[in-house]
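The values are calculated or read from the model by the stated rules, or taken from the named source; none is laboratory data. If you're wondering where the values come from, they're calculated on a predicted model, not measured in any experiment. Virtual Cβ from ideal backbone geometry, glycine too; neighbours counted across all protein chains shown. What goes into the accessible areas is simple: the full protein's heavy atoms, side chains included, and nothing from ligands, DNA or RNA. Shrake-Rupley method; radii C 1.70, N 1.55, O 1.52, S 1.80 Å.
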Amino acid sequence: VKAKYGDSINILSFGGNEYMVERAIDALVARNRTDETYEIIDRYLEIFKKYSLPNILNIELKNEEVLRKAWPIYVHGHDKYGHPVFYDELFNLDLHEVIKVFSETVNGYPLSNCNADQDEQETETVDEYEHDSHDDQKVLDLCSQFRLKFYAKMADYKRMQSEKCGETIFKHILVMDLKNFSYYKLASNVSMYSQIAKHVLYTEQLLFPQTVHKIFLINSPWSFTFAWKVVSSFIDPLTLKKIKILGSNFLDEMLKDIPLQQMPPKYVNNEPEKRVEE
C-alpha cells in the first residue's frame, strides 16, 4: 500500500482518527475482502479531499444550528472502558421533514420556522426540487458533511479520552432510540431512507472502520422487529453480532456497559436532557 500511494495516504490519519488505513485493512482481512484494498483507499482519498476532512471542524455549515435541531446527534458520557456513547435520533424523526430542512438549506429556500401560509406553498416547491437528481445529490452531500463534522468532533473527544485513560480509544457505542418508530412511515419514505443509508452511512463506515464497539437499539416496538427480519439480512455478520435490540426495559442491559451517571437523564429519570457534546 505504501509503495503504491507513497505519502498521499498520510492524510487519511488525522487528530483522533489515527491508524485508519491499518484498521481498514484489518477489517477487509476479517471479511476476506483484501482484493478491495486499493479500491477502498482510492475512495478514502476522494472523500477526504471532497469534504476537507482534516479541516472540517473549521468549516461553518450554513444554518448549522437548524440542521442540528432537525437531526439530533450527540455524545453523552462514556462506557466503563472509556468509549464515548453516541446517540442518533434518526428513527424518531419524520424523515421527510429532515430532508425538507436540509433541502431548504442547500437551495436557499425559507427554513421550516416560517408561518403556516408559507408552509403550504413551500411544500409544493420542496416536492418539486426533491425529485431533481442534482439537488438530491447536493442534499445528500450536506447530510454527509454534517455528520462527518460530528464524527470529527467525536474523534477529537476520543483523543482526549485516550489521554485521560492512558490508552488508545478509537471505538464508540451507538444508541438509537426507536420509541417513535413507524413501520408505515418507513415504508412510505423507503426511497429517502435507502439514499441516506447508501450515501451517508456507507461513507461513515468507509471512513471510520472498526470504530463501533456496540450498538443498542432501544424502545424497539414490535413493528421494528418485523422490519428487522428483512434489514438484518443485509448487515455485515461481524457488525450484526454487536447489535442488541431492546424494548422499553433496556436500562438493565445498557447498565452492563454504561454507568448510570453516564446516561442522559431522560433515560434514567425523565429529567431534561443535558448533552455533553453536539
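Is it true that ARG159 is in a helix (DSSP H, G or I), at pLDDT 90 or above, crowded, with 16+ Cβ neighbours inside 10 Å and not acidic (Asp, Glu)? Judged against the criteria, ARG159 is not a match. From the list ALA27, ALA70, which residue is modelled with pLDDT of 80 or more and touching a Pro at 6+ places or on another chain (Cβ under 9 Å)? The match here is ALA27. Of all residues in region 90-103, one or more are within 18 Å of the chain's Cα centre (by Cα) and modelled with pLDDT of 90 or more. Taking residues in region 65-91 that are open to solvent by less than 50 Å² (accessible area, probe 1.4 Å), and partners anywhere that are assigned to a helix (DSSP H, G or I) and β-branched (Val, Ile, Thr), the pairs with Cβ atoms closer than 6 Å and at least 6 places apart or on different chains are ALA70/VAL98; ALA70/VAL101; TRP71/VAL98. Please determine whether any residue of region 42-59 is under 19 Å from GLN205 (Cα atoms) and in a strand (DSSP E or B). Checking region 42-59: not a single residue is under 19 Å from GLN205 (Cα atoms) and in a strand (DSSP E or B).
Quick one: would you say VAL175 is of a type in the set (A, V, I, L, M), touching a residue at least 24 places away in the same chain (Cβ under 8 Å), open to solvent by less than 50 Å² (accessible area, probe 1.4 Å) and under 30 Å from ILE9 (Cβ atoms)? No; evaluated as a whole, the condition is false for this residue.
Restricting attention to region 248-264, the residues being touching a residue at least 12 places away in the same chain (Cβ under 8 Å) and either in contact with a strand residue (DSSP E or B) (Cβ under 6 Å, 6 or more places away or on another chain) or of a type in the set (A, V, I, L, M, F, W, C) (or both) number 7. Checking each residue in region 51-64 for being open to solvent by 20 Å² or more (accessible area, probe 1.4 Å) and either modelled with pLDDT of 90 or more or of a type in the set (A, V, I, L, M) (or both) picks out LEU57, ASN58, ILE59, GLU60, LYS62, ASN63, GLU64.
Being under 19 Å from ILE173 (Cβ atoms), free of Cβ contacts under 8 Å to residues at least 60 places away in the same chain, in contact with a Lys or Arg (Cβ under 9 Å, 6 or more places away or on another chain) and open to solvent by 50 Å² or more (accessible area, probe 1.4 Å) is the filter here, so list the residues in region 222-247 that pass it. If the condition is that a residue be under 19 Å from ILE173 (Cβ atoms), free of Cβ contacts under 8 Å to residues at least 60 places away in the same chain, in contact with a Lys or Arg (Cβ under 9 Å, 6 or more places away or on another chain) and open to solvent by 50 Å² or more (accessible area, probe 1.4 Å), then LYS242, LYS244 are the ones that fit.
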